Amino acid sequence: MLPQARPPAAGQIARDRADYFNTNGRALSFQSLILDLQRFWADQGCVILQPYDIQVGAGTFHPATALRALGPEPWRAAYVQPSRRPTDGRYGENPNRVQQHYQLQVILKPAPADSQDLYLASLATIGIDAGLHDIRFVEDDWESPTLGAWGLGWEVWVDGMEVSQFTYFQQVGGIECDPVSTELTYGLERLAMYVQGVESMFDLDYNGASGPARVTYGQVFKRAEREFSAYNFELADTVRLVVHFADAETECQALVDRGLALPAYDQCLKASHLFNLLDARGAISVTERTAYILRVRALANACCEAWLAGPSSVD
Amino acid sequence: MSELLLELLSEEIPARMQPRAIEGLTGLLHDKLAAAQIPAESIRGYVTPRRLTVVAEGILAAQPDRTEERRGPRVGAPQPAIDGFLRSAGLAAVTECEIRPTDRGEFYFAVVNRPGRPAREVLPELIHGAMAELPWPKSMRYPASDLRWVRPLTSILFMLDGEVLPLPLDRVPVGRTTRGHRLLAPGEICVSNAADYLKRLRKAHVVLDQGCRTEMICKGLEAAVSAEGLSLKPDPALLAEVTGLVEFPVVLMGTIDADFMALPPEVLSTAMRAHQKYFSCLWPDGTPAPRFLFVANNVAVDRGRTIIAGNERVLRARLADARFFWDHDRRVPLKSRVEALKDRVFHAKLGSVYDKTERIAALSELLAGDVHGADPHLSRRATRLAKADLSTGMVGEFPELQGIMGRYYALHDGEDERVANAIADHYKPQGPYDFCPRAPESIVAALADKIDSLAAFFAIGEAPTGSRDPFALRRAAQGIIRLILENGLRVSLRAIFACAADALGPKYPDATGELLAFIADRLKVHLRGEGFGIVGGAKLTLLRHDLIAAVFALDEDDLVRLLARAAELAGFLATEEGTNLLVAYRRASNIVAIEERRDHRRYDHDVQRKLLREPEEFALAANLDLASDGAMRALAREEFDAAMGHLATLRRPVDEFFDRVTVNTEEPKLRENRLRLLSAIRATMNRVADFSQIEG
């Protein structure tokens, strides 16, 4: 009396759409998915940037978003950013949780009136067809206490799975965003798992090749997950981290005083990551935690003010 | 009579905000139309995730005409004054004015007929005003307009009898077009009037009426479960929420892998409900069935197969996580997790959660003595373990399962079932309608947890003020009241709070007095909310505030006795004896109060027998002794009614005393003694209830 036929996995359904598949007939590989999204956003007038070379917790922290969201100049950019979240590490043993994952970050300033339509079109380019799926914008307001930033928006659900964060920035570094920007953050592993129909991130087809040339996500990152989880949870020297934090803080303030917003912001990012590491080591009590967040936020606010005080970035 | 059609199309409005938004908007329009003298005969509001729509019918086409009269300058006034008046009144020549005599001479009068403005002229500013005033819990700026809104406005449909009206909203288009369902009919739709709008939206897969959407969802859910021989676990809050997430609801059913069905039902339903907004299904015997229902916002070309598969995958990942925690958590016994609570701050000024469990364990010993049938050892065990599940992976992932997981893990560890249940119950009741524990050890744990929270936060000066109650202490107090009253517990709150203060230690100030006053205050609120209290299973009829106050004033800290007394007081006052008692009390106490105020002193001392003169004085003093003695003995037996009966016998001697004896006599000693006698009556009666609090 219970239904028997389990519907086919998403990968199989997508197989009907040959244009989204590489020549081997498999679903979009992890890297193709990134390339396709970048191509899409390049066509929308975004500059395609590379990841920022400092550890950050989210793509928002990249100066191309955090700083460029401020001030009046129009700006469109897209880039992949590794997101480091030390507390989410599971030694590579949890199929859905890792201490480092990839985000594709898009910033559109000012926010175009058709932001949602553009986003839906970007999903269509990677084979998520609105005719087959249930795509929903579910309330989720974004806030970054360390960045002194907030915005209103949604998490985007595809068939019950959150695949993106969609935010209209209202404030960054305690400063009102004028004009308001659209920020899109795609969780790339999740999206790829969905498109490929795999249950574990480590099974993701990374390069779309077959036979000995085939590379999985696990082959690329599993060792890093094990080693960084051990470092984050067990070995990071908390005494030294506290010192590093204070050093970064001092350096940041000194650079702000000289009006060097970008080098100062690097130090702010370092302080933020050191705080995350201390948090993962359980070295911070609840009350201390608030104090640390406020210290990072003070740095972020100062950097943002220095950024705005400096010469226009588009000159 | 005109028809107004207004649709505010926006990006997705959070589901929780939709009902208030449409209520607010229709309310504002109603009021503003009335104030502008163009009231509507009917106003209907509709809300979906993307639109707020108002259809107002029977609007007056124009405001009624008004005649305005203005007095101008005196006849013969200087020409500039007359010219100025004409200009301001909008008249061309002085001949258009009337000349009227007044008691100060003849004056020019301008009589101007002001035709009412047509509705079409009034409406734009009126609608703009309503939009600006509509309160959103959170609103945002966006590039297209200066008007803050919950999410960016896409376009506005604004028509009066089919004619588009302007609305100054910067770059948000205003006109006769809208859009259908985001995925199913994304194109522009041009409408000519309200009926046309409703018809076209229906075709464009938008079920505009929120009630209709709820009904569609209900029918879909029912059809899906009955086809499988299952039933739906009712969930009105979830139903309301998903109604606000879809414009065209399509109910779909998914399957839960059999391997996950061994998880506790609460884990299943929490993972499904809180994170995924899925409905749970039940077998006919009420146990969870391996099916879930959800509401999609799309009619997919493959009849939803892809959507179902996707949702099943997401749920599988969530439940795999939950099962990992379930297996992992059970490897460590609950009792060895107690240590970890030392790292969990309860409040910066109140130590760790571990410290809190130590305090409630200490309290549980005293409380176990007060709760009939409670085993002190098991009660202590339960309170020690009550918070241990906070450090489990499952509660970390699903905080709403705190206590519930503690119960499962305790049972797994082989703890006594009473201990396990008390762990689950100790957070309860969470509000006026939540389950109130009845098992003895559960009552002890639930009381201890709440008593400690109240005592601790009051001790550090964190009592609730106004609308600020960050630690939910009012709810905790109500929990205490319900636990005591619904279980008929005979406890001295004073003793319990003293014990809680002991457990906190000497470095905190004792706040027992404040706490008792707080409980008294919450008791009044609780009784007002309920309309009755439940004492030992018996319902009391509505208790008057003043009666509670009259009994509470006696330092009564046993809530059961307090309510029993208040109820008896209510009954007694309704009888003739009750009237007698009140009259006697008031006659005696009024004059004492007046004289005490005048003399700036009190007359509390004992009556001196040798200063009694009149027979009525002797009689009253003797009757008072008798009545007092009888009343006190009755009180000791908790025979409150009888105690009041004794006091009521004083009516006659009090009346006779006032008829024959002059209180304010010339002889000061006699006067003082008579006041002392009356004061003694007041004092005796106040030991039974503070009758001065009684109104009416």
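The values are calculated or read from the model by the stated rules, or taken from the named source; none is laboratory data. As the structure is a computational prediction, the values presented were derived from the model and not from experiment. Positions of Cβ are backbone-derived with ideal geometry, glycine not excepted, and every protein chain shown enters the neighbour counts.
The set of residues in region B:205-218 being farther than 19 Å from B:Phe158 by Cβ and surrounded by 14 or more Cβ atoms within 10 Å (Cβ to Cβ) consists of B:His205, B:Val207, B:Asp209, B:Gln210, B:Cys212, B:Arg213, B:Thr214, B:Glu215, B:Met216, B:Ile217, B:Cys218.
A Cβ distance below 9 Å, combined with a sequence gap of six or more or placement on separate chains, defines the contacts here; from region B:333-351, residues that are surrounded by fewer than 12 Cβ atoms within 10 Å (Cβ to Cβ) reach residues that are polar (S, T, N, Q) in the pairs B:Ala348/A:Ser285; B:Ala348/A:Thr287.
Exactly one residue among A:Ala77, A:Ala111 is within 13 Å of another protein chain (Cβ to nearest Cβ), modelled with pLDDT of 95 or more and either more than 18 Å from the chain's Cα centre (by Cα) or outside any helix (DSSP H, G or I) (or both), and that residue is A:Ala111.
When residues in region B:91-100 are screened for being closer than 15 Å to B:Glu68 by Cβ and surrounded by fewer than 11 Cβ atoms within 10 Å (Cβ to Cβ), 0 of them pass. For A:Leu147, are the conditions met, namely being surrounded by 21 or more Cβ atoms within 10 Å (Cβ to Cβ) and in contact with a Ser or Thr (Cβ under 8 Å, 6 or more places away or on another chain)? Against the criterion (surrounded by 21 or more Cβ atoms within 10 Å (Cβ to Cβ) and in contact with a Ser or Thr (Cβ under 8 Å, 6 or more places away or on another chain)), A:Leu147 qualifies. Has region A:16-38 got at least one residue that is modelled with pLDDT under 95, surrounded by fewer than 19 Cβ atoms within 10 Å (Cβ to Cβ) and within 14 Å of chain B (Cβ to nearest Cβ)? Yes - at least one qualifying residue is present in region A:16-38. Residues in region A:250-291 that are within 14 Å of another protein chain (Cβ to nearest Cβ) and among the charged types (D, E, K, R): A:Asp279, A:Arg281, A:Glu288, A:Arg289. Scanning region B:159-176 for residues that are aliphatic (A, V, I, L, M), part of a loop (DSSP other than H, G, I, E, B) and within 40 Å of the chain's Cα centre (by Cα), we see that the one that is nearest to B:Val122 (Cα to Cα) is B:Leu167.
Matching residues to (1) in contact with an Asp or Glu (Cβ under 8 Å, 6 or more places away or on another chain); (2) outside any helix (DSSP H, G or I); (3) under 22 Å from B:Gln402 (Cβ atoms); (4) modelled with pLDDT of 95 or more:
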residue: B:Pro432; (1), (2), (3), (4): yes, yes, yes, no
residue: B:Glu441; (1), (2), (3), (4): yes, no, yes, yes
residue: B:Leu447; (1), (2), (3), (4): no, no, yes, yes
residue: B:Ile451; (1), (2), (3), (4): no, no, yes, yes
residue: B:Ala463; (1), (2), (3), (4): yes, yes, no, no
residue: B:Val491; (1), (2), (3), (4): yes, yes, no, no
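All of (1) at pLDDT 95 or above; (2) closer than 16 Å to B:Leu9 by Cα; (3) buried (at least 19 other Cβ atoms within 10 Å of the Cβ) hold for B:Arg200 with one exception: (3). Does any residue of region A:226-241 turn out to be buried (at least 21 other Cβ atoms within 10 Å of the Cβ), over 22 Å from A:Arg90 (Cβ atoms) and not β-branched (Val, Ile, Thr)? The answer is no; no qualifying residue exists. In the condition set (1) in contact with a Ser or Thr (Cβ under 6 Å, 6 or more places away or on another chain); (2) assigned to a loop (DSSP other than H, G, I, E, B), A:Glu183 is compliant with all but (2). Looking across region B:270-292, the residues that are within 12 Å of chain A (Cβ to nearest Cβ) and under 22 Å from B:Thr48 (Cα atoms) come down to B:His275, B:Gln276, B:Lys277, B:Tyr278. Among the residues making up region B:295-309, those that are facing another protein chain (nearest Cβ under 7 Å) and either β-branched (Val, Ile, Thr) or under 39 Å from the mean Cα position of the chain (by Cα) (or both) are B:Ala296, B:Asn297, B:Asn298, B:Val301, B:Thr306, B:Ile307, B:Ile308. Among the criteria (1) part of a helix (DSSP H, G or I); (2) buried (at least 18 other Cβ atoms within 10 Å of the Cβ); (3) more than 7 Å from chain B (Cβ to nearest Cβ), the one A:Asp117 does not fulfil is (2).
I need the full set of residues from region A:167-177 which are facing another protein chain (nearest Cβ under 9 Å) and either part of a loop (DSSP other than H, G, I, E, B) or farther than 24 Å from A:Arg297 by Cβ (or both), in order please.
The one that is facing another protein chain (nearest Cβ under 9 Å) and either part of a loop (DSSP other than H, G, I, E, B) or farther than 24 Å from A:Arg297 by Cβ (or both): A:Cys177.
Evaluated against (1) over 24 Å from B:Ala498 (Cβ atoms); (2) in contact with a His (Cβ under 9 Å, 6 or more places away or on another chain); (3) β-branched (Val, Ile, Thr), B:Ile404 falls short on exactly one condition, (2). Evaluate the following for B:Met261: is it under 36 Å from the mean Cα position of the chain (by Cα) and not in a loop (DSSP other than H, G, I, E, B)? No: the conditions fail for B:Met261.
Just one of the listed residues (B:Glu133, B:Glu106) is touching a residue at least 24 places away in the same chain (Cβ under 8 Å), in contact with a Gly (Cβ under 9 Å, 6 or more places away or on another chain), closer than 30 Å to B:Leu60 by Cβ and not aliphatic (A, V, I, L, M), namely B:Glu133.
Suppose the filter is aliphatic (A, V, I, L, M) and exposed (fewer than 12 other Cβ atoms within 10 Å of the Cβ); does B:Met1 pass it? Against the criterion (aliphatic (A, V, I, L, M) and exposed (fewer than 12 other Cβ atoms within 10 Å of the Cβ)), B:Met1 qualifies.
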